Amino acid sequence: MPAQTFKVTGMTCQHCVASVQEELGELPEVTNVEVSLESGDVTVTSENGISKEAADAAVQEAGYTVAEWPQE
């Protein structure tokens with residue numbers, strides 16, 4: 001299962017972390033989401049990877065912004 005790590009900006013508390021985890025966790029094929037409040041790193045594990053567009057939409061739904069996406 002591939003894991004993708006990217007940066008999210010705007011999170012200030014554990015409620016923010018939970019919101020991002022919830023929205024990304026609802027994406028199809030996502031099996032795990034880990035969020036670091038301190039660094040802003042978000043690691044998503046999924047069956048076949050998720051698209052940048054899907055990640056952006058889920059993070060925006062939670063009220064935050066994807067700041068850095070890994071180079072392909």
What 222 nm value per residue comes from the helices of the chain, counting each DSSP H run with n ≥ 4 as -39,500 (n - 2.57) and dividing by all residues, nearest 500 deg cm²/dmol? -10000 deg cm²/dmol
Sites matching GluC sites (Glu not before Pro) across region 1-62 that sit in DSSP coil, with at most 16 neighbouring C-beta atoms within 10 Å: Glu26, Glu29, Glu38, Glu47
When Lys and Arg each count +1 and Asp and Glu each count -1, what net charge do the other residues less than 14 Å away from Val35, Cβ to Cβ, add up to? -4
Just to confirm the number: angle between the C-alpha axis of helix 14-25 and the first principal axis of the chain, 0 to 90 degrees, nearest 10? 20 degrees
Give the Debye-formula value of log10 I(q)/I(0) at each listed q (0.16 Å⁻¹), with one equal scatterer per alpha carbon of the chain, two decimals each. -0.44
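Values in this text are rule-based calculations from the coordinates and carry no lab data. The structure presented is a predicted model; accordingly, all values stated were derived computationally and were not measured. Because the Cβ atoms are built from the backbone with ideal geometry, glycine has one as well, and the counts that use them run over all protein chains shown.
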